Amino acid sequence: VIELNKIIESKNINIDYITLSHIFETKCKEGLKPRGVELLKNARGLTQIKIVALGGILPQNVGEISGYCDDFAVMSTLFKSSDVKETIEDYNKNWNKL
């Protein structure tokens, strides 16, 4: 994030958000250690750019990241869901920013 900030400033690039991944264990990155909530906590103190968390985010753990990122992204949970509307509602119930 520090290097990203340097590049943005030196090149005068306008960035709306950055995506940090993978936060929790996920089958998409099987065998790779997740970066954890600490990545989000540390990044929050290093940049004013909006942070989007990605990777292993489930309805039951989304609340753990809500204080350290501006938003989150999911893929597998929705792709595998038999009721996408209900799955999104589960995320929303646990996302403390709503």
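Only the coordinates and a few stated rules stand behind these numbers; no lab work does. Note that the structure is predicted; figures quoted are calculated from it, not measured. Here Cβ is always computed from backbone atoms with ideal geometry, including for glycine, and neighbour counts include all displayed protein chains.
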**Report entry** √(5λ) per eigenvalue of the Cα gyration tensor, the chain, largest first, Å
**Finding:** 26, 15, 12
Query raised in the report: Cα-based count: Lys pairs in the chain below 18 Å, eight or more positions apart or different chains?
Result: 8
Query raised in the report: If you rank ASP70, ASP90, ASP16 by fewest surrounding Cβ atoms within 10 Å, what's the result?
Result: ASP16, ASP70, ASP90
Requested in this report: Please give the contour-minus-distance gain from VAL84 to GLU25: 0.36 nm per residue of separation, less the Cα-Cα distance, rounded to one decimal in nm.
Outcome: 19.1 nm
Query raised in the report: With each run of n ≥ 4 DSSP H residues scored as -39500 (n - 2.57), what mean residue ellipticity at 222 nm is computed for the chain after dividing by its residue count and rounding to the nearest 500 deg cm²/dmol?
Result: -10000 deg cm²/dmol
